[in-house]
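Visitor: Got a structure for you, written out below as structure tokens; questions coming shortly.
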Amino acid sequence: MFPDYSYPPCLIPSLAASVLFGGRRSFRRDGQMCLERLDPPVRVYCPENIPQSGACLVTFNHYYRPGFNAWWMALALAAAVPVDIHFAMTGELTFPGKWYAPFGMAGSRWLLRRFSKIYGFTSMPPMPPRKKDVAARAKSVREFLSYAHGHPQAVLGLAPEGGDQPGGVLNWPSPGAGRFVLLLAEQGFPVLPVGMAEENGEFCLHFGVPYRLQVPRGLDPEAKDRAAAQLVMSAIASQLPARLRGFFG
């Protein structure tokens, strides 16, 4: 038994017009409209930890099951947090193993590029990393860090895993993700872990306590990346049911 996820009838033509003709939209307002229709309503745990303003980096798991669309995670966060969140979002859907993958990938690149424009998000190449995306990924990371530097009181949103995981179980992010979060922490952004899952027929958000991400001094870059990723993912795991904690249980 899963919640009934549906969209306001007025949203589709309005969003389509924005995609085709441009203009900025509020992802928070769109998220609120969608979450108002969720049946049963989203359940929020520890709402006292919801950031009321920046600076803050919200890190969350990339929950997955067949039939669940990943954008509901971002919509739920946007609706729950009372200020706009600047998300790092994927720039392409890959459709692994599907015959229509080449067409779907091309179409998704165009559509997601439009979404990133109208919502003002930072677009990043898909996970897992591909050799052809090295330069584009580095450019996206620089853009996100630049946005954070220019908006020191922003609320940022990031799913370190960057893509669907088998069974929705928490997994290690790709190399570099730990250092990426650490760079944002060094810019003064406390890290707030959020766990998202479907439990007892409800879509649930668990907000953890924000923390300052620090790793031991003297580590080489690879060890620093791994140590930071371990801390970040363990904090997210603590907000999830045991069945979804994976390596971090």
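Visitor: Determine the relative contact order of the range 127-239: mean sequence separation of Cα pairs under 8 Å and six or more apart, normalised by residue count, in whole percent.
Guide: On the way: 114 pairs, mean separation 29.3, N = 113.
Computed over the range 127-239, the figure is 26 percent.
Visitor: Here's something else I'd like to know. What number, in percent, do you get for the relative contact order of the range 149-206 if the mean sequence gap of Cα pairs under 8 Å and at least 6 apart is divided by its residue count? It would help to have the intermediate numbers written out before the result.
Guide: Working: 26 pairs, mean separation 14.2, N = 58.
Normalised by residue count, the contact order of the range 149-206 is 24 percent.
Visitor: Oh, and also: Between beta-carbons, use under 13 Å as the cut-off and find the net charge around Ser140, counting Lys and Arg +1, Asp and Glu -1.
Guide: Numbers: positive: Arg113, Arg137, Lys139, Arg142; negative: Glu92, Asp133, Glu143.
In short, +1.
Visitor: Let's test the formula: R0 of 22 Å, r as the Cβ-Cβ distance of Asn49 and Ala242. What FRET efficiency results, to the nearest 0.05?
Guide: Details: r = 20 Å, r/R0 = 0.93.
Calculated value: 0.60.
Visitor: Please compute the net charge surrounding Ser6, taking Lys and Arg as +1 and Asp and Glu as -1 over other residues with Cβ under 9 Å from its Cβ.
Guide: Numbers: positive: Arg37; negative: Asp4, Asp39.
Here the count lands on -1.
Visitor: Before rounding to the nearest 500, sum -39500 (n - 2.57) across all DSSP H runs of length at least 4 in the chain and divide by the residue total; then give [θ] at 222 nm in deg cm²/dmol. Could you put the intermediate results ahead of the total?
Guide: Working: 7 runs with 93 residues, N = 249.
My calculation for the chain gives -12000 deg cm²/dmol from helical runs alone.
Visitor: Any idea what the relative contact order of the chain is, in percent, if you count C-alpha pairs under 8 Å spaced at least 6 apart?
Guide: Contact order relative to length: 26 percent.
Visitor: Now for a separate question. Which net charge results when you count Lys and Arg as +1 and Asp and Glu as -1 among the other residues whose beta-carbon is under 13 Å from that of Ala55? Could you put the intermediate results ahead of the total?
Guide: Values: positive: Arg212; negative: Glu186.
Net charge in that neighbourhood comes out at 0.
Visitor: Quick one: compute a quarter of the convex hull surface over the Cα atoms of the range 1-94 and quote it in nm².
Guide: On the way: hull surface 30.0 nm².
For the range 1-94, averaging the hull's shadow over all directions gives 7.5 nm².
Visitor: If you rank Cys46, Cys10, Cys204 by fewest surrounding Cβ atoms within 10 Å, what's the result?
Guide: Details: Cys46 13, Cys10 9, Cys204 20.
Ranking Cys46, Cys10, Cys204 by Cβ neighbours within 10 Å, fewest first, gives Cys10, Cys46, Cys204.
Visitor: Ser146 to Asp39: FRET efficiency via 1/(1 + (r/R0)^6), r the Cβ-Cβ distance, R0 35 Å, to the nearest 0.05? Don't skip to the end; give the middle numbers.
Guide: Values: r = 40 Å, r/R0 = 1.15.
Once rounded, the FRET efficiency stands at 0.30.
Visitor: Highest GNM mean-square fluctuation, the chain, Cα pairs closer than 10 Å: which of Lys132, Lys117, Lys224?
Guide: Maximum among the listed residues: Lys132.
Visitor: Using just the alpha carbons, could you tell me how many Å³ per residue the convex hull of the range 11-248 encloses? Provide the component values of the computation, followed by the final result.
Guide: Working: hull volume 31.8 nm³, N = 238.
Taking the convex hull of the Cα positions in the range 11-248, it is 134 Å³ per residue.
Visitor: Which loop-located chymotrypsin sites (Phe, Trp or Tyr not before Pro) does the range 97-158 contain, where loop means any DSSP state but H, G, I, E or B and the Cβ has at most 14 other Cβ atoms within 10 Å?
Guide: Details: sites: Trp99, Tyr100, Phe103, Trp110, Phe115, Tyr119, Phe121, Phe144, Tyr147; in loops: Trp99, Tyr100, Phe121.
Those satisfying the criteria are Trp99, Tyr100.
Visitor: Right, next: Say each of Tyr211 and Ala17 gets a label point 7 Å from the Cα, pointing the same way as Cα to Cβ; how far apart are those two points in nm?
Guide: 4.7 nm
Visitor: OK, next. Of the trypsin sites (Lys or Arg not before Pro) in the range 1-107, which ones lie in a loop per DSSP and count no more than 15 other C-beta atoms within 10 Å?
Guide: Details: sites: Arg24, Arg25, Arg28, Arg29, Arg37, Arg43, Lys98; in loops: Arg24, Arg25, Arg37, Lys98.
Filter output for the range 1-107: Arg24, Arg37, Lys98.
A short reminder: the numbers here are calculations on the coordinates, not readings from a lab. Here the structure is a predicted model, which is why all the values come from computation and not from measurement. Glycine gets a Cβ as well: all are built from the backbone with ideal geometry, and neighbour counts include every protein chain shown.
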